[in-house]
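FYI, it's all coordinate maths here, none of it is from the lab. Because the structure is predicted, anything quoted here is derived from the model rather than measured. Note that each Cβ is placed from the backbone with ideal geometry, even for glycine, and that neighbours are counted across all protein chains shown.
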Amino acid sequence: MDVRVDRDRCLGAGMCALTAPGVFDQDQDQGLVVLLDPHPPEDRHAAVRLAAGVCPASAVTVAEHGRPTTA
Amino acid sequence: MQHEPTHAAPVTLPTGRAAGCPFDPPAGLAQLREERPLARMTYPDGHVGWLATGHAAVRFVLGDPRFSSRYELMHYPFPGGPEGPLPPAPVGDMTGMDAPEHTRLRRLLMGRFTVRRMRQLTDWVREITAEHLDALERRGPGTDLVEAYARPIPALVICELLGVPYADRGRFQDHAHTLMSMEAAPEDRHAAMNGLLEYMAELVAAKRAAPCDDLLGDLARESDLTDEELVGLGGFLLAAGLDTTANMIAHGTFALLSNPAQAEALRDDPELAPQAVEELMRYLTVAHTSVRTALEDVEVGGQVVRAGESVTVSLEAANRDPERFPDPDVLDLHRRATGHLGFGHGIHQCLGQQLARVELAVALPALLTRFPALRLDTPADEVPLRTGMNIYGVHRLPVTWDED
Ligand code: HEM
Ligand code: SF4
């Protein structure tokens with residue numbers, strides 16, 4: 001799994017950091033998404049997919065098997 | 001998504017809640033969602049726009065920048081609203097702006113409301129909560145939970161965060177309340193707005209003179225906001241965090257007391273709190289309705305919303321969509337309710353949501369734990385409900401318990 005974040009779209013809602021901590025964080029000054037782990041381990045995949053799905057700004061993209069998906 | 005039947009007549013927005021169902025969205029929304037999740041709707045001013053009740057449709061509209069949030073474009077969905085077009089958003093009212101004006105304000109504030117920053121406030125929220133539990137106990141059985149618990153906790157928290165003296169609350173709480181009423185006369189709204197702004201103007205002047213270490217103080221020192229913007233934004237932040245959180249605490253308590261097995265599950269397992277908060281947000285959806293207006297023709301699930309048409313998005317109906325949440329009318333604190341739209345969606349999704357989560361995850365379980373025999377002190381059907389308010393919930397919630 002390849003995870004990507006788009007800090008230009010991010011609105012700092014924090015859904016990613018809440019849903020998949022360890023993979024996402026927010027920087028302390030601006031509240032923008034910080035990607036901690038672009039290739040998260042298997043057991044985090046479900047949480048990461050959920051995070052991509054609930055990001056209100058569609059700023060999180062997940063590519064699996066080379067196929068990009070945004071929820 | 002189903003298509004609108006070709007000859008189906010436009011609907012009007014259902015607003016009446018069925019007697020005996022204080023937690024359910026207005027009757028009529030469920031049937032619409034099932035048959036016409038995006039239905040044509042006649043607005044009180046005669047405009048024929050749309051009503052979105054399905055989760056997919058609501059989420060789509062909120063997430064698409066071709067739908068504007070600007071008040072001056074929108075048609076007001078509730079009866080008894082203002083005559084003629086709405087005025088544009090007052091300075092600082094983020095919910096009535098589009099990008100890039102909205103982005104500028106949002107980016108100034110985002111860093112102050114991160115998950116981590118808000119979690120750091122947990123201990124302090126616990127202290128405030130404990131003080132109010134003591135006060136509740138001193139007042140004794142029969143006390144109104146809204147006044148003694150649900151309102152003061154969020155008010156103290158937002159005041160402290162912004163740097164607004166809590167002692168001044170008499171000068172803004174009533175105004176904020178009036179602004180949240182869908183039924184307030186335009187003159188009263190206007191007066192309330194002016195009252196709030198007058199108060200904020202004095203405060204901002206004080207912060208400019210002697211900046212201190214709080215959100216308004218920092219903005220006064222570090223941002224390029226004008227005085228007018230700072231006053232407007234300060235007033236907006238203050239109002240946004242008051243009634244919403246207060247009603248989630250009070251109505252959340254009412255819902256838990258009406259579902260004793262769920263209350264017990266939360267009391268027995270403090271780890272359940274974060275999940276319970278998500279489910280209560282979904283189930284109660286106190287911020288129930290929002291509106292967007294199409295800037296151009298947009299296809300939504302096979303139907304075309306034309307430029308200039310308003311779409312009323314029913315967050316409360318979307319959060320009960322069985323296609324998204326199985327058995328949606330059941331309060332189940334163990335369910336995974338993530339993905340609910342109780343804080344909205346898209347660029348306006350609640351800025352204060354991580355703060356609200358901390359407050360709710362502390363205040364609700366603490367109340368149940370401190371008073372294990374907590375119950376209503378009035379028949380459930382006599383609890384006064386906030387029908388006709390932008391933020392739903394209860395006006396009062398008299399509670400009692402056994403004194404030992
Ligand atoms: C449980 C309590 C809360 C609920 C249910 C709630 C709900 C919402 C909803 C639904 C929206 C989106 C409105 C729309 O799109 O039209 C929103 C926006 C907003 N909320 Fe909250 N909110 C809560 C607590 C708070 C708190 C504590 C604050 C603290 C400051 C806050 C500040 C804001 C702000 C500033 C916006 C506008 C964001 C923007 O337009 O970018 N809210 N809220
Ligand atoms: S959920 Fe999306 S908008 Fe929110 S912080 Fe994460 S990336 Fe940014």
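Check the range B:337-350 and report whether any residue there is touching a Lys or Arg at 6+ places or on another chain (Cβ under 7 Å) and more than 10 Å from chain A (Cβ to nearest Cβ).
yes
State which residue pairs qualify: first residue among the basic types (K, R) and inside the range B:94-106, second residue part of a helix (DSSP H, G or I) in any location, beta carbons under 7 Å apart, and separation of 6 or more residues or different chains.
B:R106/B:M94
When the residues of the range A:1-20 are filtered to those that are aliphatic (A, V, I, L, M) and within 16 Å of ligand 1 (Cβ to nearest atom), which remaining residue is farthest from B:I347 (Cα to Cα)?
A:L18
So, B:R324, is that one surrounded by fewer than 22 Cβ atoms within 10 Å (Cβ to Cβ), outside any strand (DSSP E or B), touching a residue at least 24 places away in the same chain (Cβ under 8 Å) and away from ligand 2 (no atom under 16 Å from the Cβ) or not?
yes
In the range B:328-347, is there at least one residue being within 14 Å of the chain's Cα centre (by Cα), more than 10 Å from ligand 1 (Cβ to nearest atom) and either in contact (Cβ under 8 Å) with a residue 40 or more places away in the chain or closer than 22 Å to B:A99 by Cβ (or both)?
For the range B:328-347, residues within 14 Å of the chain's Cα centre (by Cα), more than 10 Å from ligand 1 (Cβ to nearest atom) and either in contact (Cβ under 8 Å) with a residue 40 or more places away in the chain or closer than 22 Å to B:A99 by Cβ (or both): present.
Quick check on this structure: which one of B:P88, B:P154, B:P77 is within 15 Å of ligand 1 (Cβ to nearest atom) and under 30 Å from A:P21 (Cα atoms)?
Criteria check complete, one pass: B:P154.
Could you list, in sequence order, the residues of the range A:1-24 that are outside any loop (DSSP other than H, G, I, E, B) and within 10 Å of another protein chain (Cβ to nearest Cβ)?
The answer is A:M15, A:C16, A:A17, A:L18, A:T19, A:P21, A:F24.
Take A:P40 and decide whether it is more than 9 Å from ligand 2 (Cβ to nearest atom), crowded, with 18+ Cβ neighbours inside 10 Å and not in a strand (DSSP E or B).
yes
Within the set of pairs 6 or more residues apart or between chains, which connect a residue that is within 14 Å of chain A (Cβ to nearest Cβ) and part of a loop (DSSP other than H, G, I, E, B) inside the range B:62-79 to a residue that is aliphatic (A, V, I, L, M) and within 16 Å of ligand 2 (Cβ to nearest atom) with Cβ atoms less than 9 Å apart?
B:P65/B:A99; B:P65/B:I347; B:S69/B:M94; B:S69/B:I347
Would you check which residues across the range B:276-321 are farther than 27 Å from B:G46 by Cβ and in contact with a Gly (Cβ under 7 Å, 6 or more places away or on another chain) and list them?
B:L280, B:M281, B:R282, B:L284, B:T285, B:V286, B:N319, B:D321
Scan B:A366, B:A307, B:A373 and give me the residue that is surrounded by fewer than 21 Cβ atoms within 10 Å (Cβ to Cβ), without any contact (Cβ under 8 Å) to a residue 40 or more places away in the chain and closer than 30 Å to B:W401 by Cα.
Matching residue, one of B:A366, B:A307, B:A373: B:A373.
Run B:N259 past the list (1) touching a residue at least 12 places away in the same chain (Cβ under 8 Å); (2) over 24 Å from B:R375 (Cβ atoms) and report the number of the one that doesn't hold.
Just one mismatch for B:N259, condition (2).
Please verify whether the range A:56-66 includes one or more residues that are within 16 Å of ligand 1 (Cβ to nearest atom) and in contact with a helix residue (DSSP H, G or I) (Cβ under 6 Å, 6 or more places away or on another chain).
Checked the range A:56-66: at least one residue is within 16 Å of ligand 1 (Cβ to nearest atom) and in contact with a helix residue (DSSP H, G or I) (Cβ under 6 Å, 6 or more places away or on another chain).
What residue, of B:G344, B:G339, B:G352, is touching a Cys at 6+ places or on another chain (Cβ under 8 Å) and not hydrophobic (A, V, I, L, M, F, W, C)?
Checking each option against the conditions leaves just B:G344.
Is one or more of the residues making up the range A:25-48 within 13 Å of another protein chain (Cβ to nearest Cβ), touching a residue at least 12 places away in the same chain (Cβ under 8 Å) and basic (K, R)?
Taking every residue of the range A:25-48 in turn, none turns out to be within 13 Å of another protein chain (Cβ to nearest Cβ), touching a residue at least 12 places away in the same chain (Cβ under 8 Å) and basic (K, R).
I want to confirm something. Restricting to the range B:208-261 and keeping residues that are in a loop (DSSP other than H, G, I, E, B) and more than 30 Å from B:G393 (Cβ to Cβ), which single residue is farthest from the chain's Cα centre (by Cα)?
Only one residue fits best here, namely B:A210.
Using beta carbons and a limit of 8 Å, which pairs, at least six apart or on different chains, have the first residue in the range B:381-394 and closer than 12 Å to B:D24 by Cα and the second one of a type in the set (D, E) and surrounded by fewer than 20 Cβ atoms within 10 Å (Cβ to Cβ)?
Final answer for the pair search is none.
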